[in-house]
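For reference, the structure is listed below as structure tokens.
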């Protein structure tokens, strides 16, 4: 196989550029509570979750493809940064910022891979395929498990109500309805302990 050094250099440049994910910190903290989680750790963790929980995915889901979406979904945050899900003000203009970041980041790649990686990101954001529904569910379920293990750390940062948390977890309910009763039971316990606020009265 003849190697194109221009192509290889672009691929290596991309690999080095996404190393910045290791320095993009999220609001979630590690289970040992020693520090905040990074984007790279989140993407790896949710990909492993997808492998382990594949049996709960929508029937006919291509897990290999879903894993690609898991790994690629937050790459653009090397430029756009992480936006805290429960911060309404920070979420204003989020999609526009991320589209701009996607244009800039994926342009580093050779044209065929630029189109491929951009398609992964677009598919995840659109959430219309079985694979993207499952990947989005993993994106919500992974931080849910961290919250269960850290006394609702992220929920407490914004005084999240039960309704707010359930809304955030809606992709899990859609893609993996069989595990929703487990989530409801855990939320019941955490609401009783005061880790999430009761829903305001109508």
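Details
- The chain: angle of helix 111-126 to the longest principal axis, Cα-based, in degrees nearest 10: 10 degrees
- Relative contact order computed over segment 5-192 (Cα-Cα under 8 Å; 6+ residues apart), in percent: 26 percent
- Order by protection proxy (mean Cβ within 10 Å, highest first), peptides 31-41, 71-81: 71-81, 31-41
- Tilt relative to the chain, helix 39-52 - C-alpha long axis, 0 to 90 degrees, to 10: 80 degrees
- Cα gyration tensor shape of segment 33-134, rounded if a/c is under 1.5, else prolate or oblate by comparing a/b with b/c: oblate
- Segment 112-162 and segment 1-55: distance between their alpha carbon centers, rounded to Å: 14 Å
- Efficiency of FRET from Cβ geometry, residue 184 and residue 17, R₀ 35 Å, rounded to 0.05: 0.30
- Cα gyration tensor shape of segment 5-192, rounded if a/c is under 1.5, else prolate or oblate by comparing a/b with b/c: prolate
- Most to least packed among 174-180, 188-194 [average Cβ atoms within 10 Å]: 174-180, 188-194
Values quoted throughout were computed directly from the atomic coordinates according to the rules given, and no laboratory measurement underlies them. Given the structure is predicted, the values throughout are model-derived calculations rather than measurements. Note: ideal-geometry Cβ built from the backbone for every residue, glycine included; neighbour counts use all protein chains shown.
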